[in-house]
1. Can you tell me which residue is modelled with the lowest pLDDT among those in the stretch 22-70 that are in a loop (DSSP other than H, G, I, E, B) and among the acidic types (Asp, Glu)?
2. Within the stretch 71-83, is there a residue that is out of contact with any His (no Cβ under 6 Å at 6 or more places or on another chain), part of a helix (DSSP H, G or I) and either at pLDDT 95 or above or of a type in the set (A, V, I, L, M, F, W, C) (or both)?
3. Select from the stretch 14-53 the residues that are closer than 12 Å to residue 80 by Cβ and either of a type in the set (Lys, Arg) or in contact with a helix residue (DSSP H, G or I) (Cβ under 9 Å, 6 or more places away or on another chain) (or both) and write down the one among them that is surrounded by the fewest Cβ atoms within 10 Å (Cβ to Cβ).
Amino acid sequence: MYRLWGKIMIDSRFRSDYVFELEDGDIASPTSLKKGLEFLTLHFDIEMPMWLSDNEKDYARFRKTRFYNDHFIETIDFDYFEIEVIEDKKKKHKKGDF
């Protein structure tokens with residue numbers, strides 16, 4: 001299962017959030033990410049942000065990234081839009097599993 005948590009933030013507080021779930025999705029799949037991002041932007045009624053190199057680095061390293069005003073063509077009425085992958089607890093590493 002692939003779950004992507006979208007958050008609209010203002011002054012370090014949630015204005016709105018939503019979790020997109022895809023039963024047959026894979027966390028490593030760019031297709032799952034694209035579907036989730038498209039769904040969340042429609043849900044929040046915001047335009048699709050531009051995916052820049054800083055997003056690529058953050059997403060690869062932390063499984064989350066933020067989109068600020070410079071990621072959008074139109075002016076936004078929030079501080080940033082953040083997406084984060086929610087991993088299943090059963091798949092998390094246990095101590096000594098490396």
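The values are calculated or read from the model by the stated rules, or taken from the named source; none is laboratory data. Here the structure is a predicted model, which is why all the values come from computation and not from measurement. All Cβ positions, glycine included, derive from the backbone under ideal geometry; neighbour counts span all protein chains shown.
1. 26
2. yes
3. Checking each candidate, the answer is 15.
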